[in-house]
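Inspection log for the structure reproduced underneath, given as structure tokens.
The values are calculated or read from the model by the stated rules, or taken from the named source; none is laboratory data. Computed from a predicted model, the values in this text were never measured in an experiment. Cβ coordinates were reconstructed from backbone atoms using ideal geometry, including for glycine residues, and neighbour counts include every protein chain displayed.
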Amino acid sequence: MFSYDKNLKITGAPLWLDATRRVDTCVVSHAHMDHARKHGLTLATPATLALLEKRIGLKRSASLNYGEPYEFGDTNITLFPAGHILGSAQVLVENHGHRLLYSGDFALVKALTAEPIQIPESETLIMESTFGQPRYRLPDRARVIQHLVDFVDAALSTRATPVVAGYALGKTQEVMKILGDAGYRLSVHGSVARLARVYEKFDVAFQPWEMFNRHDLEGKVVIVPRIALKSRQIQRIESKRTVFLTGWAVNPAIKHRYGVDEALPLSDHADFDGLLEYARRVRPKKIYTTHGHKDFALHLRNLGFDAEPLKRKKQLSLFEG
Ligand SMILES: [Zn+2]
């Protein structure tokens, strides 16, 4: 049985999944800040725990390896790679033969710095729906990366400094790997670098990179979290070209909204088609959608799934009998 009232609680255990307030015991799917809290006991993959420790510090924690069931009373919790960022996990909850899968954030397209997704089947599925509208169909990843490389080359050819921005955890480490492996020299902002060092501890091998130094940027690509684009140290780079990497960039207005020269749709989420494919592969009898557009459940229903948005104050008896 689970209950939902802003936060998702497995009532038999009892433990929470990705709670947005401090709770006694919580399984955390990944280390993005939207659900990073100092819980009494945090259960997560070793990489997620290391990233959370770096970002917010933790109280007590226990690491769960992918694919290994963790017994919690008469409930089993098993984490599966979600392909979103390093350490990201889907959470499979099993109790008395019933299975509930919570997707967390996930991506089907393989990234260089996240464990490839493995999708278990489950009767009940609670899934994210960030890009749950048909207009969010992302172009092929290889094409987006080519556009990024072309943008960087064009900037360097005019002796401007390319400044590549993305979310501080995940996207910027992925772009460090992409551009480093492609032979570019990287000048990395401190908040990206401190998380990249955690990646290195978990065997993500970056080419040699340097800490950002405004006075030593000739021929280098600067990698920054998006919020640093407005900082003085970046603003003071004299000749620069800025690009922001986000799935939302399928909307051409994004680059004006964020005041960047270019925005490219490199995403660590499944796009609309990816969300539908994920639902097919889980083969659920019932789907609840969360973290995204409420219309996504309608699209699932049109395909024959029994689907609805997860609403507040929901109580479900899934695990009885
Ligand atoms: Zn995320």
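Checked against (1) away from the ligand (no atom under 16 Å from the Cβ); (2) closer than 30 Å to Thr242 by Cα, Tyr136 meets all criteria but (1). Just name the residue that is surrounded by the fewest Cβ atoms within 10 Å (Cβ to Cβ) out of those in the stretch 11-54 that are charged (D, E, K, R), part of a loop (DSSP other than H, G, I, E, B) and within 15 Å of the ligand (Cβ to nearest atom). Per the criteria, the residue is Arg37. Residue-level check: of (1) within 30 Å of Ala47 (Cα to Cα); (2) touching a strand residue (DSSP E or B) at 6+ places or on another chain (Cβ under 9 Å), Gly259 misses just (1). Considering every residue within the stretch 119-131, establish whether at least one is without any contact (Cβ under 8 Å) to a residue 12 or more places away in the chain and either in a strand (DSSP E or B) or out of contact with any Gly (no Cβ under 6 Å at 6 or more places or on another chain) (or both). For the stretch 119-131, residues without any contact (Cβ under 8 Å) to a residue 12 or more places away in the chain and either in a strand (DSSP E or B) or out of contact with any Gly (no Cβ under 6 Å at 6 or more places or on another chain) (or both): absent. Close Cβ contacts (under 6 Å, 6 or more residues apart or on different chains) running from residues in the stretch 249-262 that are at pLDDT below 95 to residues that are assigned to a helix (DSSP H, G or I) comprise Ile254/Trp248. I'd like to know if the stretch 63-74 contains one or more residues that are modelled with pLDDT of 95 or more, away from the ligand (no atom under 16 Å from the Cβ), under 26 Å from Phe202 (Cα atoms) and not in a loop (DSSP other than H, G, I, E, B). Yes: the stretch 63-74 contains one or more residues that are modelled with pLDDT of 95 or more, away from the ligand (no atom under 16 Å from the Cβ), under 26 Å from Phe202 (Cα atoms) and not in a loop (DSSP other than H, G, I, E, B). If I ask for residues that are buried (at least 16 other Cβ atoms within 10 Å of the Cβ), touching a strand residue (DSSP E or B) at 6+ places or on another chain (Cβ under 9 Å) and among the hydroxyl-bearing types (Ser, Thr, Tyr), which ones from the stretch 64-119 would you list? Across the stretch 64-119, the qualifying residues are Tyr66, Thr75, Thr78, Ser88, Tyr102, Ser103.
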